[in-house]
Amino acid sequence: MLIKRIEAIINNKERVGYYFILPSLTVLIVFVFVPMIVSGFLSFFSLDLMGGNLKFIYFDNYLRLLKDERFWNSLVNTVYYVFTTVPIQILIALLVAVAISRKSRFNNLLRSIYFLPAIASMTIISIIWSFLLDNDIGIITYYLSLLGIKTISWLKDPDWAMPAIIIISIWKTFGFNMVILLAGLKGIPDSYYEAAQIDGANKINQFFYITLPMLMPTLGFVFITSVISSFQVFDQVFVMTRGGPLFKTETLVYYIYTRGFEAYTLGYASSIAQTLFIIILFCSVFMLKSLRKTEGNF
């Protein structure tokens, strides 16, 4: 009887599909959806890290945001990071993907080299780059001084700290986007390029009239996921600058961390987290609709 029931389950393709996604769905519910709901609930309360001194304060946490200069500063820093990092890393990933799309041993080696930083821990990479950019013992500073170039306190200078983090983030993440774009390029039929060559189209024309339009769905996916992950930048800020100097690298997620786990104002930290969620949701929906319109114009 039990064997027959197992056979019936296996033969039901729809039910088997749900069983396959059940582990991932469970992780998503436990570690994403439940914390989001709890965070939204806590944003209307005043409480400490251990849940003590619980008091319902209505929308006071959200009203406090409007007057919090550090919140607005962290929002500006985050937007600056997103609007700088995302376009540059996608452009580099696209150009590199097109350049190494043809199969060869050398291109396979380049793909591995470019992708290696993407699978490494951001924390480890941040620690390594902190040493490399150190104004006293950093190897980059040393070689720049040999060339007669004035050294810069990359992570201690308010003008250079955020650009340094942006450069490191681009170097770390563009390889991941490159792999996705390579997969998209493989989905473009060669017959399109052959027909374009017969008509006399050069490589540039082929890129703008064949590659780019056919790659729009993949580019849209890469763009949206990059924006979402960039809004959540935390590791490199925590390891390399701790939000300094002069709060020039303090981002929203790092500010949430400081309010929740350093100032012990968990309710206020939850309200910032909910605000960040709304910002990311709005940006994602807006970009998704814009990209669909763009795809329809091609």
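What's the number of the only condition in (1) within 30 Å of TRP160 (Cα to Cα); (2) over 22 Å from the mean Cα position of the chain (by Cα) that ARG242 fails to meet?
Condition (2) is where ARG242 drops out.
Test SER230 against the criterion of being of a type in the set (Ser, Thr, Tyr), closer than 15 Å to LEU91 by Cα and in contact (Cβ under 8 Å) with a residue 60 or more places away in the chain, and give yes or no. Give the derivation first.
Values: of a type in the set (Ser, Thr, Tyr): yes; closer than 15 Å to LEU91 by Cα: no; in contact (Cβ under 8 Å) with a residue 60 or more places away in the chain: yes.
Considered against the rule, which asks whether it is of a type in the set (Ser, Thr, Tyr), closer than 15 Å to LEU91 by Cα and in contact (Cβ under 8 Å) with a residue 60 or more places away in the chain, SER230 comes out as no.
Looking at SER39, SER101, which is the one that is closer than 30 Å to THR218 by Cβ and either at pLDDT below 95 or part of a loop (DSSP other than H, G, I, E, B) (or both)?
One residue alone meets the criteria, SER101.
May I ask you to verify whether LEU246 is in contact (Cβ under 8 Å) with a residue 60 or more places away in the chain, in a helix (DSSP H, G or I) and of a type outside the set (D, E, K, R)?
Values: in contact (Cβ under 8 Å) with a residue 60 or more places away in the chain: yes; in a helix (DSSP H, G or I): no; of a type outside the set (D, E, K, R): yes.
No, not satisfied.
Got a sec? Which of TRP171, TRP129 is touching a residue at least 40 places away in the same chain (Cβ under 8 Å), among the aromatic types (Phe, Trp, Tyr) and within 20 Å of PRO245 (Cβ to Cβ)?
Working: TRP171 fails: within 20 Å of PRO245 (Cβ to Cβ).
Checking each option against the conditions leaves just TRP129.
Any residue in the range 58-68 that is touching a strand residue (DSSP E or B) at 6+ places or on another chain (Cβ under 9 Å), farther than 23 Å from ASP159 by Cα and crowded, with 18+ Cβ neighbours inside 10 Å? Lay out the reasoning, then the answer.
Our first condition is that a residue be touching a strand residue (DSSP E or B) at 6+ places or on another chain (Cβ under 9 Å); within the range 58-68, this holds for 60-61.
Imposing the further condition that a residue be farther than 23 Å from ASP159 by Cα reduces the set to 60-61.
Among the residues that remain, those that are also crowded, with 18+ Cβ neighbours inside 10 Å are: 61.
So far as the range 58-68 goes, yes, one or more of its residues are touching a strand residue (DSSP E or B) at 6+ places or on another chain (Cβ under 9 Å), farther than 23 Å from ASP159 by Cα and crowded, with 18+ Cβ neighbours inside 10 Å.
Inside the range 249-286, can you point out the residues that are surrounded by 23 or more Cβ atoms within 10 Å (Cβ to Cβ), in contact with a Lys or Arg (Cβ under 6 Å, 6 or more places away or on another chain) and not aliphatic (A, V, I, L, M)?
TYR268
Find the helices (runs of 4 or more DSSP H) located wholly in the range 141-230 whose residues include 3 or more that are surrounded by 13 or more Cβ atoms within 10 Å (Cβ to Cβ) and within 23 Å of the chain's Cα centre (by Cα), and list them. Give the derivation first.
Details: elements: 161-186, 190-198, 203-206.
By residue number, 161-186.
The values are calculated or read from the model by the stated rules, or taken from the named source; none is laboratory data. Just so it is clear, the model here is predicted, and its values are computed rather than measured. Positions of Cβ are generated from backbone atoms using ideal geometry, with glycine treated the same way; all protein chains shown enter the neighbour counts.
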